[in-house]
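Before any comments, here is the structure.
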Amino acid sequence: MAVKRWIEIREQANQINRWPESMENVLNLPSGAKYFRCSLQVNPFNYLGDNRKEDHGLDEEDYNSQLINKCQEIGIKVIAITDHNQVSGINAIRKMAEPSGITVFPGFEVASSEGVHLLCIFDPDTETNV
């Protein structure tokens, strides 16, 4: 008799602790969340020359090609091109990234007088007109 009572109590507890059927249906839906490997501070071709007065020895097409190839090699699916105070070079990278399925966010980086650097990143469809 005790076993039968224990089973009844357990069934009641299961009913109390169950989600309503409609909630169970919701919990079984895909979450919609997708995760991507991203790099959100990628410098364009002219960064070294303009900001550090250095030469990486590549022309713009080779630089962009190597950038996209490296992204593909390590599984990066999203990049943001962010140079200091300008948006040049983004369209060329965007054009080269398109066939590979890599999403390119245009942006720029600004520095405050206190030395704080901020990244301003825009929708991937934002035109840079440069």
(message) Looking only at region 24-40, count every residue that is in a loop (DSSP other than H, G, I, E, B), of a type outside the set (K, R) and within 30 Å of F105 (Cβ to Cβ) and tell me the total.
(response) 7
(request) Have a look at R37, R52 and point out the one that is in contact with a Gly (Cβ under 6 Å, 6 or more places away or on another chain) and surrounded by fewer than 16 Cβ atoms within 10 Å (Cβ to Cβ). (result) R37
(request) Quick one: E98 ticks every box in (1) assigned to a helix (DSSP H, G or I); (2) under 16 Å from L48 (Cβ atoms); (3) of a type in the set (D, E) except a single one, so which number is it? (result) (2)
(request) State all residues of region 105-122 that are under 19 Å from R37 (Cβ atoms) and in contact with an Asp or Glu (Cβ under 8 Å, 6 or more places away or on another chain); if no residue qualifies, say none. (result) F105, L119
(request) Among residues belonging to region 79-113 that are under 16 Å from the mean Cα position of the chain (by Cα) and of a type in the set (D, E, K, R), point out the one that is surrounded by the fewest Cβ atoms within 10 Å (Cβ to Cβ). (result) E98
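Just the residues that are under 18 Å from the mean Cα position of the chain (by Cα) and either buried (at least 16 other Cβ atoms within 10 Å of the Cβ) or in a strand (DSSP E or B) (or both), please, taken from region 114-130.
Initial filter on region 114-130 (under 18 Å from the mean Cα position of the chain (by Cα)): 118-126.
The answer is L118, L119, C120, I121.
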(message) Could you check region 41-70 and list, in sequence order, the residues that are aliphatic (A, V, I, L, M), part of a helix (DSSP H, G or I) and without any contact (Cβ under 8 Å) to a residue 24 or more places away in the chain?
(response) L48
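No value in this document is a laboratory result; all are computed from the given coordinates. Keep in mind the model is a prediction, meaning the values are calculated, not measured. Please note: Cβ atoms are built from the backbone with ideal geometry, for glycine as well, and neighbour counts cover all protein chains shown.
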